[in-house]
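Working notes, structure below.
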Amino acid sequence: MDKIRIKVAAILLLVSAGLIASLALPAQTRFTDVSSQAGISHVFKVYEGMFGGGACVLDFNNDGWEDVYITGGTNDDVLYKNNGNGTFTNVVAQSGMAAITKNFVTQGVTSADVNKDGFVDLFITTITRRDRKEPIPRAINLLFLNNGNGSFRDATKEYGLDQLVSFSTAASFGDFNADGWPDLYVGNYFNEFEGKLSVVTDGTVVGANQIAKGYLLLNEKGKHFKDVYSAYGLDYRGFGFGGIFTDFDNDRDQDLFINHDFGYKRTPDILLENRYPKKSFIDVSKEEGMDLRINSMGTAVGDYNNDGLLDYYMTNIKFNYFMVNQGAGKPFVNRARELGVDFFAISWGANFADFDNDGDLDLFVSNGDLNPNCVPMADFYFENTGGHFRDQASVVGLADYAIGRGSVVFDYDHDGDLDLLVVNQEPVLPNYPVASVTRLYRNDSTSGNWIKIALKGLDAESHGIGARVEIEAGGKKMIREIDGGASSHMSQNSVIAHFGLGAIGKIDKVTVYWTGGNQQSLQNVKVNQQLTITETPRPKFAAWKIFAMGFGFVAALIQIVRFIRAKNRTSKSS
């Protein structure tokens, strides 16, 4: 009966998609599935059920073409090198990582320049081992440092991460103490679990006491990570699906929003305000309206209405939440229904991006049933029509019925519009009605000006992670945060800020707000280019200058004391 139910549901959904496409306004399909011709051949295979499937966009060899790392679960991970001609080559074996990752059930992935040598490094989360049977959560996460020659070395033990055994889902890089060294937040799901992951239910959760703390890992000058979760005043436990570093209150430090599964039964989502320069976070979830009691799978970040305030879209089981930022002193408001995105689904990845280069952010959502249930459901593509969204997935070629999880956006072919990669799971049960494999969609839009801005940090992280880019053009202000990971679902988008401009032909001003406080601007910037902005470092005094200044101060103080004593002696003698 289950197989018949799945097939009937699939047929009905496919038929309805065709009807929707035929009734929609005439439009050219703007996305093309180029997975095969691009050399993308990957599928995420679950361990027992449900969990996993992340991707990370990075330029690991600094050749100017963005590459992709994708986790495999019980399948092998892949590192797709961008060949610069529309194709990719899997070089994970040559990278040296495959010999390690093949022993683990990998989940999420993110990247940053951990040791600030100019090459991006990789952090991969795991839930258990593949090479031997271990009770959950007997596994470590993996840190690979980039050697700069196309290979990576396992630095997990060197950085103290071999002491942290966990069932980890998503990780995010940020710089919460603004010292220029990228820190980490890692979401953990279980402290212990003896059942099968395919049968995690509400009943399991109600009777469970095994919910886990996350890790807040402070980067100690590129040499070591230290867990400062408790030291920063945090003691929260939940079914963690990771968190994102983001400046929700525009005070130029990185706050932290944490996604929790089963939030209606156990721990809701948590919004933590960074108290920098104090070494602490405080929970502002309730007063900000962000203590969401949902199955929170992932978060997309973006200013959908260009009002200078970052908004957040949370994926969920049933209905997703579109949390609109109303500014200081006012809580966030869920406007999913008002904005036209309150569709029933089981959603995971989500990405705000200006896919059509018209000057506002659209929204892609990756959908997929819990494995092994696997009732087909199509992904969403919500086009921003100016204060409202309309699902055009069938029209633009993105209504895929595969079992979606993580998704990332990047301009892999350097043509000025954003392309899309979606990680899909292999169904546990047979006879699924469509091929459920990872897909690369090329964006074939042809209209609208654009600009891409890459950052080169000096005091800040090398690729600008955590920075904010703002442009002023045509009477509009638009902002982007540089993604540090765990956005979407267990994934990390491109760190190159992309802005669609529509018919605007010139950018009046570009401003970069770096982590750590640096700020710099450029005027009268040309459109339709990728611009690299190198951070202007803060003035630094050499050690000898500091010593000389201190010596001079002491010498001056001695002279003042001598003068006062001499004057006193003169007064007494007279």
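The values are calculated or read from the model by the stated rules, or taken from the named source; none is laboratory data. All values reported here derive from a predicted model rather than from experimental measurement. Glycine also receives a Cβ, built like all others from the backbone with ideal geometry; neighbour counts cover every protein chain displayed. Just the protein is used for accessible areas: all its heavy atoms, side chains included, with ligands, DNA and RNA removed. Shrake-Rupley method; radii C 1.70, N 1.55, O 1.52, S 1.80 Å.
Over the residues of the chain, the helix contribution to mean residue ellipticity at 222 nm works out to -4000 deg cm²/dmol, using -39500 (n - 2.57) for each DSSP H run of at least 4.
Sequence-ordered 3J(HN,Hα) estimates for the range 309-326 from the Karplus curve with 6.51, -1.76 and 1.60 and θ = phi - 60° stand at 10, 6, 10, 9, 10, 9, 7, 7, 8, 5, 10, 7, 10, 10, 8, 9, 7, 9 Hz, glycine and proline given as x. Compared with the dominant principal axis of the Cα atoms in the chain, helix 543-573 is inclined by about 30°. Heavy-atom accessible surface of Asp413, to the nearest 10 Å², is about 40 Å², with a 1.4 Å probe and all protein chains retained.
A 1.4 Å probe over all protein chains sorts Trp348, Trp450, Trp65 by accessible area into Trp65, Trp450, Trp348, starting with the largest. The alpha carbon centroids of the range 504-520 and the range 389-454 are separated by 29 Å.
Among the protein heavy atoms, those of Phe190 account for about 10 Å² of accessible surface (1.4 Å probe, every chain in place). Against the chain, whose longest principal axis is taken from its Cα atoms, helix 2-23 shows a tilt of about 80°. Which net charge results when you count Lys and Arg as +1 and Asp and Glu as -1 among the other residues whose beta-carbon is under 11 Å from that of Asp183? Neighbourhood net charge equals -4.
Surface exposure of the chain, expressed per residue as accessible area with a 1.4 Å probe, stands at 40 Å². From the square roots a ≥ b ≥ c of the eigenvalues of the alpha-carbon gyration tensor of the range 69-201, which class results: rounded (a/c under 1.5), prolate (a/b over b/c), or oblate? Oblate, since a/c reaches 1.5 and b/c is not below a/b. Put simply, the amide H of Gln520, placed in the peptide plane, has neighbours under 5 Å in Val512, Trp514, leaving out anything fewer than 5 places away on its chain.
Based on Cα contacts under 8 Å between residues 6+ apart, the chain shows a relative contact order of 14 percent. Rounded to 0.05, the FRET efficiency of the Tyr264 and Ser36 pair, given R0 = 41 Å and the Cβ-Cβ distance, is 0.50.
Taken one residue at a time, the phi angles of the range 474-483 give Karplus couplings (6.51, -1.76, 1.60, θ = phi - 60°) of x, x, 10, 10, 10, 10, 9, 9, 7, 6 Hz. Gly and Pro are set to x. Counting only protein heavy atoms and using a 1.4 Å probe, the accessible area of Lys477 comes to about 110 Å². So which of Lys223/Lys265; Lys102/Lys221; Lys223/Lys279 end up more than 28 Å apart, counting from Cα to Cα? Checking Cα-Cα distances, Lys223/Lys265; Lys102/Lys221 exceed 28 Å. For Gly502, the residues whose amide H sits under 5 Å from its own are Asp358, Gly359, Asn449, ignoring neighbours fewer than 5 places away on the same chain, with H placed 1.01 Å from N.
In the set (1) 17, 41, 28, 11, 3, 0; (2) 16, 39, 31, 12, 1; (3) 21, 56, 17, 4, 2, 0, the label that goes with P(r) over Cα pairs in 20 Å bins from 0, in percent computed for this structure is (3). One Cα centroid belongs to the range 256-308, the other to the range 351-371; the line between them spans 20 Å.
If you sort Ile282, Ile465 by accessible surface, 1.4 Å probe, largest first, the order is Ile282, Ile465. The modelled label-to-label distance for the pair Asp154/Asn62, using points 7 Å beyond Cα in the direction of Cβ, is 2.7 nm. Could you give the length gained by full extension between Lys506 and Thr385, i.e. 0.36 nm per residue of separation minus their alpha carbon distance, to one decimal place? Taking 0.36 nm per residue and subtracting the Cα distance, the gain is 41.3 nm. Among beta bridges from DSSP that stay inside the chain, the antiparallel ones total about 95%. Atom-type composition of the exposed protein surface of the chain places 54 percent of the accessible area on carbon and sulfur (1.4 angstrom probe).
For the range 377-383, the Karplus equation 6.51 cos²θ - 1.76 cosθ + 1.60, evaluated at θ = phi - 60°, returns couplings of 8, 7, 5, 10, 10, 9, 7 Hz by residue, with Gly and Pro reported as x.
If you take the square roots of the eigenvalues of the alpha-carbon gyration tensor of the range 269-406 and sort them as a ≥ b ≥ c, do you get rounded (a/c under 1.5), prolate (a/b over b/c) or oblate? The shape class here is oblate.
Given R0 = 60 Å, the distance between the Cβ atoms of His414 and Ile560 translates into a calculated FRET efficiency of 0.40.
Just grab the label-to-label distance for Glu472 and Ala99, each label 7 Å out from Cα along the Cβ direction, in nm (one decimal). Here the answer is 5.5 nm between the modelled labels.
Largest first, the residues His498, His463 sort by 1.4 Å accessible area into His463, His498. Return a whole-number percent for the relative contact order of the range 316-391, with Cα pairs under 8 Å and 6 or more residues apart as the contact set. That works out to 24 percent.
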